[in-house]
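Working notes, beginning with the structure itself.
The numbers here are math on the coordinates, done by the rules we state, and not lab data. Just so it is clear, the model here is predicted, and its values are computed rather than measured. Methodologically, a virtual Cβ is constructed for each residue, glycine included, from the backbone with ideal geometry; neighbour enumeration extends over all protein chains shown.
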Amino acid sequence: MTELFSATAIAAGQAVFKKSVSDLYEYISEKTGKKILQWNTEKKIETLYKKISKVRQVKTIWQVDKPVDLSEFYCDPHIKIDKERKIVRKIADIGLKGNILIEGIAGQGKSIFLRYLSSRELLYGEVIPLFIELRRVDKDHSLKDRIVAAFDALGLDVDDELFKVLANSGKIVLMLDAYDEIPGELKSSVLTDIEDIVSKHENIRVITTSRPQENIRTSNYFSNVVLDNLKKKEYQEVIKKLAKDQDWANSLIGHIEHRSPHIKSLLFSPLMVTLLVLLYKSYQHLPANLSGFYDVLFQMLLQRHDGTKPGFTRQRKCDLDDIQYRNAFEALCLLAKKSPQQSFSISVLHGVAEEAIAQTNLKAKPADFINDIVRITCLILREGDEHRFIHKTVQEYYAASFIQKKPDTWAKQLYTRISDSDNRYKWQQELEFLSEIDSYRYNRYFLLPICLDVLSLSEKQLQEKRLPATIQQAKFILNGVYIYFGSRNIVGYYYGSPIISFEDEVASLIDKIVQLYDKNPVTVDSFIEIQKINPTKGNPPEVRGILEEKIPIPASLFLDHPEYSLSTLSVIDKFFANIFHIAQDISLSLEKTESSSLLDGLV
C-alpha cells in the first residue's frame, strides 16, 4: 500500500490540488467579492496541502511512542453494501452518491479507514477533505465550532458568509469520525446540526463513521454501508504488513494455520490481529479468547521498554508494583465512564485518577500516576491539553476487569442496574468481555434474570419446562423496535431500546416478520389506520431526519394486524423457544457450578 503514497503520487496530487484550490479561490472571490488572502500564493497552497496530509499521521497500539504514517501498516478493508463485498480506495469506489455512514464494530479500523479515504482524496486533488473527530464535540464546542476550527487550522478564517460559499462550492467533504463517541446527551443535537448542514447546502458532502445501532443510521440523509470483518486468510495480509521480518510473519501464520486453527475465529478485525502480533512478539503465546488478548496487554506495555533493552529500566514516578499499576488503571477506566466525553482535560483526568487511587487504597500522586500511564504504557495518549484512551476497547476491557474483581454484592448490584437501565447499550462491549472473564456472575445476575423477565417465568418454572408464547410478551420484546418503509417497501429497522443480550434473536424475529410481509404485502396505510397515527408525526422521539417517504411502524404493530395474527404465532413460538433454551442452558450451567459435590473430598 506504500506505493499509493509514493513521492510520485504525492507530487501529482499536489499539482491537482493546487489547481483545485485556485479554482476554489476564484469561486470564493466571485461569490463574495472578496479576495481571500490566506490562500492566494503557491507557497501557502503547499502549506495547506501539508497540513491536510497530516491526517495520515496516527498513533496506534502497534506504534504507541510516536505518530506514524498509516501507509506503513494500512491494509485494504472490505465494505458491504447489501450483499456486495468490495475494496474501497476512494470515496467514488463506494458507488453511492450523497452522504455516507460507514458502520463497524469495535476494532475494525473505522477511524483509520476514514483517515485513509481523506488522504486518498487529497491525492486526487478534486476536493478538500476536512477530517473532524466528533469526540471533540461537547457542550462548549458545537459541530459548527469544530468545523470552523478545522478551517482555522488550515489558515482560513471562516465566517458564516464564507462557510455558506465553501459549503455550496462542491469542493468540501466533511469527514466526521466516530459519531458513537459523541456524548449521549448531545447526539440528537449533533445529528440535527449535520442534517441542517446537508439540507441547506446540497453540494457539501458528509462521510461519517460509527459503531452500529446509533440513531444516525435511520437518518434519511445518509446511505449506510458496513465495514466487514476479515474473512478467511485476509488476516495474513495484516500480519505481513505489521511484521518487518517476513520470515517471522510466515512462521506466525504457519503456527496459526497448523497448530492453533482455533485462533483464526478471533482474528476478525485489524485490531485483534495487531494485538496477536504484539503479544506473540513478546510472549510467543496465542491467547484462547478475546479477553486473553487484552489481559496481557497492560503488563506487556508496562514492561516493553524494559524488556527490549537489556540493562535499561525506565524510571517510574510512582512507587507502585505492576499489579498496583493495573488495579489503579482498571479503576480509572471504570470511573472514566462517568464522563460523557471521550477526551479528558488534565483537570478532569486528574480527578478521575485521584478517585481511582483512593478506590484501590494505594498511595500515589494522581499527576505522577497519569504521567507513568501516558509515558510508559501509552494506553492513554496526550494530545495538546487533552487525553484519550489509545482505543475505546482498552477502556472497556479494563473497566470489565475491574468489575470482575469486585465483591459479589457489588457486582450483583451493578449487573442489576445495567439490566434495568434504558441506556444499557453503552455497556455492550464491557458485557461481552464480562461474559468471558466473569461468566458465572454475568449469567447469574444479568443474563438469566433478563431471560426470565422476557419469558415471564420464575427459575422454578423454567426448571419445570413451562414454555410460554404470547402475543403480549412478543410486544414487550419488540418495544422500541421500528420497521421503516421507503416508497411502501421495508427498508430496515431501528432498535430504540434493544435487549442487548438477545439482539440476534430480535433481529431474527424481525426478519421473519419482514419475510411474512413480502409474502403478504398489506398496505402501510392499514398499519397507520390501526395505530391511528399521522405518518409525518409518528417518528419515535430518538430518531430525526425521517421524511414522509420513510415511515416508521412499531414492529409490535405487526402482531395486531389481522393479516398476521395467525402466521406470526409460529414465529413467536420459535423466538420464545430460542430464549427458553438459552435460559435452560444457563440454569443448568449455574447448577453445575453451584453443586456442593465439587467440595466433596476437598475439605
Exercise for the section: Among the aspartates and glutamates, select those whose C-alpha is under 18 Å from the C-alpha of Lys31, and discard any that sit fewer than 8 residues away in the same chain. Expected result: Asp23, Asp157, Asp159, Asp160, Glu161, Glu202
Handout entry: Calculated on alpha-carbon atoms, Rg and Dmax of the range 262-404 in Å
Key = 15.2, 45
Exercise for the section: Using just the alpha carbons, could you tell me how many Å³ per residue the convex hull of the range 234-295 encloses? Expected result: 73 Å³
Handout entry: For peptides 427-437, 447-457, sequence by mean Cβ density within 10 Å, most packed first
Key = 427-437, 447-457
Practice task
Just list whichever of Lys19/Lys241; Lys51/Lys164; Lys187/Lys426; Lys232/Lys512; Lys164/Lys426; Lys110/Lys240 have alpha carbons separated by over 25 Å in the model shown.
Solution key: Lys19/Lys241; Lys232/Lys512; Lys164/Lys426
Fill in the blank from the handout: Rounded to the nearest whole number, the Stokes-Einstein translational diffusion coefficient of the range 187-260 at 25 °C and 0.890 mPa s (Kirkwood radius, C-alpha pairs) in µm²/s is 152 µm²/s
Problem - Label point distance in nm, Glu26-Ile253, each placed 7 Å from Cα along Cα→Cβ - result: 5.0 nm
Handout entry: Computed over the range 2-227, Cα set: Rg, Dmax in Å
Key = 17.2, 49
Completion exercise
Computed for the range 322-400: size of charge dipole around the Cα centre, +1 on C-beta of each Lys and Arg, -1 on C-beta of each Asp and Glu, debye to nearest 20, value 80 debye
Handout entry: Residue order, fewest to most beta carbons within 10 Å, for Cys333, Cys318
Key = Cys318, Cys333
Handout entry: Estimated distance in nm for a label pair at Ser458 and Ser188, the labels positioned 7 Å out from Cα along Cα-to-Cβ
Key = 4.0 nm
Fill in the blank from the handout: Scalar couplings 3J(HN,Hα) for the range 443-456 by Karplus 6.51 cos²θ - 1.76 cosθ + 1.60 (θ = phi - 60°), nearest whole Hz, x for Gly and Pro, are 6, 5, 9, 10, 6, 4, x, 5, 4, 5, 5, 4, 7, 6
Handout entry: Calculated Rg and Dmax of the range 322-400 using C-alpha coordinates, Å
Key = 11.1, 31
